[in-house]
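S.K.: The following block contains the structure, expressed as structure tokens.
The values are calculated or read from the model by the stated rules, or taken from the named source; none is laboratory data. Only a predicted model underlies this, so the values are computations on that prediction, with no experimental measurement involved. Backbone-built Cβ (ideal geometry, glycine too); neighbour counts: all protein chains shown. These accessible areas exclude ligands, DNA and RNA; they are computed on the full protein's heavy atoms, side chains included. Shrake-Rupley method; radii C 1.70, N 1.55, O 1.52, S 1.80 Å.
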Amino acid sequence: MLLLTAAIFSVAGGIHYQTPMLGPMAAEFGADTAQIGWIPTATFGGFLAGIALLAPLGDRMDKRSLILRQHFACIVALLAAAAAPTLATAAAAGFVIGICGSTSQSIIPLVAELAPPNERGRAVGTVLTAVFLGILFARIVGGVVAAHLGWRWTYVIGAAMMIAVAPVLVMRLPHSAPRTSLSYPRLLASLLKLLAEHADMRRVLAIQILLGVCYGGFWATIATMLLKVHGLGPEIAGLIAIPGAAGILITRPAGRWLDQRGAAPIVRTGIALMFCAYAVFALGLWWPAALAVGAAILDCGLRATLVANQTTVNSLAPEARSRSNTVFGISVWSGNALGALVASLALAHAGWLAVCALSAFAAAVALGVQLVAMKRAT
């Protein structure tokens, strides 16, 4: 657990380093609000592609081999981003970072596989805590380093962290037995079969896409909004990640609650919190501190929901955990990519309140899906 936690921490920040740096990156590349939005969109989109095309391989090959290959490829991609000469190449490097950064979606099913059933919620909660800490580190470091050394050094630091972890991974990462001998095309096709067989998986898919819109939209636009509306630079945008990581404090308790009470009440409460966060974010147009308060509420809601839904998905089909986790990851990160794109366009053409309205609507629909499912179950 310690090794897997360290590995997932080192890789988790890769797709989030750019979040507080978009202002300086836009200034260097001469990009407007809509154009710079392609960097987070490409990065989240690459992560989605990695989940869809690489993560299912964890069921037909040793997860150790898959994790190591992605880890080393991610180091190269981070260094390429640090040297990117244009906006297009920076977005392309971000896409590759996203693909390679999907390593986390191979580590999580490995953890679920190793953990006893009655402790699976806490085990997944522990490794997800490392993910969230990695995201927090990336956002703080991204803002501070961009303000004092330049945004390119952030990617160098990220690559150095992964290089430091690599020798221990090579020596100690455990092996896992393949769960299927399906060909690669049939392996990908079986994702649809899983969705057809499990109603809970279809519900989780819909909810996580909608919540991804809320989460990805906020973090893709906050740096640009702070700079345009309040004249605040990347360092402040990075510091918002501190209250925005409040969910770290409830991730493991949510896992314990899940082991005792089941997923439904956690998911319902988490979605309601995310809806409330956008009411607070709207006040950020006049009161910047509201953005920090809202970020804390948003993160608590999202993290609780992620623990509950991801543990549920990894328990539905033990012989297909990598593929189940692929379906889950697709829902989360397609929502993030869609949210980054839609929110960037909304901010550019209609302002911050439009971003808040669109995200609040997505959270309301997700809450409706969960309440209907709970009603049918009673």
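S.K.: Ordered by residue, what ³J(HN,Hα) values in Hz, to whole numbers, does region 22-30 give under the Karplus form 6.51 cos²θ - 1.76 cosθ + 1.60, where θ = phi - 60° and Gly and Pro are x?
M.R.: These are the phi-based 3J(HN,Hα) values: 5, x, x, 5, 5, 5, 5, 8, x Hz.
S.K.: Determine Rg/Rh for region 174-225; Rg is computed over alpha-carbon atoms and Rh is the Kirkwood hydrodynamic estimate from the same atoms.
M.R.: 1.21
S.K.: Enumerate cysteines in the chain without a disulfide-compatible partner, where compatibility requires another Cys Cβ under 4.7 angstrom.
M.R.: Lacking a cysteine Cβ partner under 4.7 Å: Cys214, Cys276, Cys300, Cys356.
S.K.: Starting from the coordinates of the alpha-carbon atoms of region 270-322, obtain the Kirkwood hydrodynamic radius over all distinct pairs and give the value in Å to one decimal.
M.R.: With all distinct Cα pairs of region 270-322 included, I get 12.3 Å.
S.K.: Rounded to the nearest 0.05, what FRET efficiency do Val229 and His148 have when you use their Cβ-Cβ distance and R0 = 30 Å?
M.R.: FRET efficiency, Val229 to His148: 0.80.
S.K.: Over all directions, the average projected area of the alpha-carbon convex hull for region 1-158 comes to how many nm²?
M.R.: So the Cα hull casts an average projection of 8.9 nm².
S.K.: For an R0 of 30 angstrom, estimate the FRET efficiency from the Cβ-Cβ distance between Ser65 and Glu319 and round to the nearest 0.05.
M.R.: So the FRET efficiency works out to roughly 0.95.
S.K.: Which net charge results for the neighbourhood of Glu197, defined as the other residues with beta-carbon distances under 15 angstrom from its beta-carbon, given Lys and Arg at +1 and Asp and Glu at -1?
M.R.: +3
S.K.: Of Ala223, Ala138, Ala82, which is the most mobile in a GNM of the chain whose springs link Cα atoms less than 10 angstrom apart?
M.R.: Among Ala223, Ala138, Ala82, the largest mean-square fluctuation in the Gaussian network model of the chain belongs to Ala82.
S.K.: Continuing with the same structure: How big is region 150-297 by Rg and Dmax over its Cα atoms, in Å?
M.R.: Both quantities, over Cα of region 150-297: 20.5, 58 Å.
S.K.: Sticking with this structure for a sec: Could you give the semi-axes, largest first, of the ellipsoid that matches region 263-378, computed as the square roots of 5 times the alpha carbon gyration tensor eigenvalues and rounded to whole Å?
M.R.: Equivalent ellipsoid semi-axes, largest first: 28, 16, 13 Å.
S.K.: How high is the FRET efficiency between Arg172 and Asn118 when r is their beta carbon distance and R₀ equals 22 Å, given to the nearest 0.05?
M.R.: 0.25
S.K.: May I ask you to give the solvent-accessible area per residue for the chain, in square angstrom, as obtained with a 1.4 angstrom probe?
M.R.: 37
S.K.: Here's something else I'd like to know. All other residues with a Cβ under 12 Å from the Cβ of Thr103 taken together, and with Lys, Arg as +1 and Asp, Glu as -1, what is their net charge?
M.R.: Its environment carries a net charge of +3.
S.K.: About its Cα centre, what dipole magnitude does region 246-378 give when the only charges are +1 on Lys and Arg Cβ and -1 on Asp and Glu Cβ, stated in debye to the nearest 20?
M.R.: Charge dipole of region 246-378: 340 debye, to the nearest 20.
S.K.: List, in order, the whole-Hz ³J(HN,Hα) value for each residue of region 50-64 obtained from phi through the Karplus relation with A = 6.51, B = -1.76, C = 1.60 and θ = phi - 60°; use x for Gly and Pro.
M.R.: My calculation for region 50-64 gives x, 5, 5, 9, 10, 4, x, 5, x, 8, 10, 8, 5, 4, 4 Hz in order.
S.K.: Something else: Bins of 10 Å, beginning at zero and ending with the bin holding the largest distance: percent of Cα pairs per bin for region 312-378, please.
M.R.: Over region 312-378, the share of Cα pairs per 10 Å bin runs 18, 31, 32, 15, 3 percent.
S.K.: Can you give the Kirkwood hydrodynamic radius for region 135-216, in Å, rounded to one decimal and based on Cα pairs?
M.R.: Final number for the Kirkwood radius of region 135-216 is 17.3 Å.
S.K.: Can you send over the carbon and sulfur percentage of the accessible area for the chain, probe radius 1.4 Å, protein chains only?
M.R.: That fraction is 71 percent.
S.K.: If you take the square roots of the eigenvalues of the alpha-carbon gyration tensor of the chain and sort them as a ≥ b ≥ c, do you get rounded (a/c under 1.5), prolate (a/b over b/c) or oblate?
M.R.: oblate
S.K.: Take the alpha-carbon centre of region 278-323, take the same for region 145-199, and report the distance between them in whole Å.
M.R.: For region 278-323 versus region 145-199, the Cα centre distance is 21 Å.
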